[in-house]
Amino acid sequence: MTRLLPSALDLFDPLDRILVHDDFNRGMQGWTGLVGNYEDSLDSMLPEYADLRDPMLSNLTVWDTGTDGSLHGNYAMKLATLPRPGALSVAIKRLTWRAATRIRWESIVTFKPEASELELSSTDVRAFGILLDLQDGDRKTRPHRVMPHIRYLNADESGRREQWQYKSTHRTVHDIGGRRETKSHFHLGPDGWTDLPDGSQRLCYNEIATKHNWYYLRLDFDLRDMQFREFQCNNRTYECRDIEPIRIPAMPNLWCMLNLACFVETNSFKRAFLYVDSSLVSTDRE
Amino acid sequence: MRQSHTAVVARNAVWDGPFTTEPWEAAWAAEAIYFIRLLNPAPFRVSMQCRVEISPDGIHWVELSRSAFDFDGENPLWYMQLNHFGGWLRLSGQVSCVPEFMDRMGDLRFMAYLTLKS
């Protein structure tokens, strides 16, 4: 049966219940920066979290042609790194789930390096990606915190890679501060990424650093068994049932957590930018 | 209802001399306030000279206005109100103190906020 959707949603293919539709022409809508956990002082957070940069609203203005605007208006959410190889910017939106069903996250995104040189610059962005940060409900036997990560490794120190990757392993979970109430682990480091099977994909960089072409992303994940289902970027769909997300024992105050996050990492001494035009999260009806 | 947003443009920053905040896009906003807060007020005076800079592209910068402020135990928070700034803002400047306390500047931590309203 064909569903009638508002025209702004027509480029999405949501499941039955739409949880949130974020069009950044309406503001940040709950998307914010990611701060590391701390106790008593910000100095207590893990050092990898100290320089994560927060998201902003952008009208995609570039020096040579002025304002691009977003896909549906003027504004997109922009993540901008520091100009230092390996620097990251992360945006996160925090919800909780009310029924363990399939969840589908669709978004329209694009990425570019800062156009500070008149060069192709197509390997200046290292990676961009999305992740969910989930936890089982409080009645689940042997509950887990589960963190499915997918990234597009555009390039690394060795050059162009153009490879989708996922992450199954995690670093040590540290106690933060001295009261044993706060824990933290850094999950966006360069370690632990594995190539997605058949996950090589060439995207539309489009020749110079000031041209923005938007991409469609879709991640399907199932909260019932906390497993990947599918991932799609434009014309390519990846079967993900056999890949494992990060899975760690449940934490004491994260029950039914449903966090969405996206990130970008630079590969050079230039800022890397990830723009999100819009995002839609849907689930099955329970 | 008007749009508003507070951005943290420096978090727990160690400023011991010159500093520059990252570029921030503000094309949607009509007014702004930069705040700087000294997180752990020092038992000595910390002097700041700073410039608000604007840009057509986030790459090339020009001064919009300037300010000076002395932080101490009684005055841990500075602000500057702005309007008509176009699409981009950043803050750059310098912090210093008298020579006898210079070796303690690295203990100071700064928060910088950009509060925007349409």
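Summary of computed values
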| read-out | value |
| --- | --- |
| Residue in the stretch B:1-28 that is most open to solvent (accessible area, probe 1.4 Å), counting only those that are at the interface with chain A (Cβ under 9 Å from one of its Cβ atoms) and part of a loop (DSSP other than H, G, I, E, B) | B:3 |
| Given (1) within 12 Å of chain B (Cβ to nearest Cβ); (2) at pLDDT below 95, index of the condition residue A:72 fails | (1) |
| Qualifying residue in the stretch A:30-39 (condition: away from chain B (no Cβ under 12 Å) and part of a strand (DSSP E or B)) | yes |
| Only one of A:102, A:139 that is under 29 Å from residue A:244 (Cα atoms) and free of Cβ contacts under 8 Å to residues at least 24 places away in the same chain | A:139 |
| Extreme residue, nearest to residue A:43 (Cα to Cα), among residues of the stretch B:29-61 that are within 14 Å of chain A (Cβ to nearest Cβ) and in a strand (DSSP E or B) | B:38 |
| Residue check for residue A:103: in a strand (DSSP E or B), surrounded by fewer than 17 Cβ atoms within 10 Å (Cβ to Cβ) and away from every other protein chain (no Cβ under 12 Å) | no |
| Those strands (runs of 3 or more DSSP E) lying entirely in the stretch B:76-118 with at least 2 residues basic (Lys, Arg) and within 14 Å of another protein chain (Cβ to nearest Cβ) | none |
| Given (1) over 19 Å from the mean Cα position of the chain (by Cα); (2) away from every other protein chain (no Cβ under 12 Å); (3) surrounded by fewer than 18 Cβ atoms within 10 Å (Cβ to Cβ), index of the condition residue A:94 fails | (1) |
| Every residue from the stretch B:40-68 that is touching a residue at least 40 places away in the same chain (Cβ under 8 Å), open to solvent by 40 Å² or more (accessible area, probe 1.4 Å) and out of contact with any strand residue (DSSP E or B) (no Cβ under 6 Å at 6 or more places or on another chain) | B:40 |
| Residue within the stretch A:276-286 that is in contact with a Phe, Trp or Tyr (Cβ under 6 Å, 6 or more places away or on another chain), farther than 20 Å from residue A:28 by Cα and touching a residue at least 24 places away in the same chain (Cβ under 8 Å) present | no |
| The stretch A:256-286, residues that are in a loop (DSSP other than H, G, I, E, B) and either at positive phi or crowded, with 16+ Cβ neighbours inside 10 Å (or both) | A:256, A:267, A:268, A:270, A:271, A:284 |
| Breaking point among (1) outside any strand (DSSP E or B); (2) without any contact (Cβ under 8 Å) to a residue 60 or more places away in the chain, for residue A:175 | (1) |
| Among the residues listed as A:57, A:46, A:79, the single one being modelled with pLDDT of 95 or more and in contact with a Ser or Thr (Cβ under 6 Å, 6 or more places away or on another chain) | A:79 |
| Extreme residue, least open to solvent (accessible area, probe 1.4 Å), among residues of the stretch A:19-67 that are of a type outside the set (A, V, I, L, M) and in contact with a helix residue (DSSP H, G or I) (Cβ under 7 Å, 6 or more places away or on another chain) | A:36 |
| Those residues of the stretch A:193-202 which are more than 11 Å from residue A:151 (Cβ to Cβ) and surrounded by 15 or more Cβ atoms within 10 Å (Cβ to Cβ), in sequence order | A:201 |
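The values are calculated or read from the model by the stated rules, or taken from the named source; none is laboratory data. Just so it is clear, the structure is predicted and the values come from calculations on it, not from any experiment. Methodologically, a virtual Cβ is constructed for each residue, glycine included, from the backbone with ideal geometry; neighbour enumeration extends over all protein chains shown. Remember, those area values only see protein heavy atoms, side chains included, never the ligands or the DNA or RNA. Shrake-Rupley method; radii C 1.70, N 1.55, O 1.52, S 1.80 Å.
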